[in-house]
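The values are calculated or read from the model by the stated rules, or taken from the named source; none is laboratory data. Remember, predicted model here, so these are calculated numbers, not experimental data. Glycine also receives a Cβ, built like all others from the backbone with ideal geometry; neighbour counts cover every protein chain displayed. The protein model used for the area step is the full one, side chains on, heavy atoms only, and it has no ligands, DNA or RNA in it. Shrake-Rupley method; radii C 1.70, N 1.55, O 1.52, S 1.80 Å.
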Amino acid sequence: MHAYRDQYATLFKDGQTVVLIAISADPLDTLAAWARDDQFQFLFASDTGGVVGKLYGPSASTDRVDHRNVFVVAADGKIAYRQTPFREIDPAAYTELAAVLDKVLGR
Amino acid sequence: MRLAMLLTDLSAVTAPVLAQQPGATESQALATGTVAPDFTLPGATRYGVLAQPIHLSDFKGQTVVLAFFHKAHSKL
């Protein structure tokens, strides 16, 4: 998540044109504390049962959102792009995401 | 003998495929072009816990990135 934070201005235009929602199975208080401590600028959602994670892209292990899938939902509500799993430590993954966002946003 | 070997070979090839099928279907992520299913989840920001839950539909008309991640306090 730190990579998202550090590239928030460039990737997500500081949240002005793109809404970033980071979702994990952590309890809400844990996410809120982490967001405060590490100063994440975006929204966190607590999916404690992993229900939403499974709905979007179930992982091989069943009871956790232990994968790093990324989806871009366009203004029409449709999935415009997915990277499953998201290669979180690979800089190219962010380059690819940025290019997709540029395209989706028509910029 | 040859037939027996052939059958053995076939089972070696087909068994893993069959075993994987239910999991593979279940583990497929939503495809591009699919309408993103709405959801309602409790939310938080760095300023604290949100009073209202997050609905994906709250952001209709905007571009939204859903980033599923493993666990808080991970360096990744």
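Accessible surface of B:His73, taken over heavy atoms with a 1.4 Å probe and every protein chain present, rounds to 110 Å².
Summing Lys and Arg as +1 and Asp and Glu as -1 over all other residues whose Cβ lies under 13 Å from the Cβ of B:Ser57 gives a net charge of -2. Across every pair of non-identical alpha carbons in chain A, the mean reciprocal distance, once inverted, gives a Kirkwood radius of 14.6 Å.
Between B:Gln62 and A:Ala3, the C-beta separation translates, for a Förster distance of 25 Å, into a calculated FRET efficiency of about 0.70. Rolling a 1.4 Å probe over the protein heavy atoms leaves A:Thr10 with an accessible area of roughly 100 Å². Average accessible surface for chain A: 43 Å² per residue, computed with a 1.4 Å probe over protein heavy atoms with every protein chain in place. Close amide-amide hydrogen proximity is noted between A:Asn69 and A:Phe86, B:Phe68, each under 5 Å apart and 5 or more residues distant or on a separate chain (H modeled in the peptide plane; Pro and chain starts excluded). Averaging Cα coordinates gives a centre for the range B:33-76 and one for the range A:2-57; these two points are 6 Å apart. Each chain gives up part of its surface: B and A jointly bury about 4800 Å² of accessible area, both sides summed, for a 1.4 Å probe.
Only DSSP H runs of four or more residues enter the estimate; each adds -39500 (n - 2.57), and after division by the residues of chain A the mean residue ellipticity at 222 nm equals -11000 deg cm²/dmol. Within the shell of other residues whose beta carbon sits under 13 angstrom from the beta carbon of A:Val19, the net charge comes to 0, with Lys and Arg scored +1 and Asp and Glu -1.
Converting phi to 3J(HN,Hα) with the Karplus coefficients 6.51, -1.76 and 1.60 and the offset θ = phi - 60°, the range A:11-22 yields 6, 10, 6, 6, x, 7, 10, 10, 9, 9, 10, 9 Hz in sequence order, with x at every glycine or proline. Charged side chains reduced to their Cβ positions (Lys and Arg at +1, Asp and Glu at -1) give chain A a dipole of some 380 debye around its Cα centre. Across chain A, the relative contact order, built from alpha-carbon pairs under 8 Å that are at least six residues apart, equals 19 percent. Largest accessible area first, the residues B:Lys71, B:Lys60, A:Lys54 order themselves as B:Lys60, B:Lys71, A:Lys54 under a 1.4 Å probe with ligands, DNA and RNA left out.
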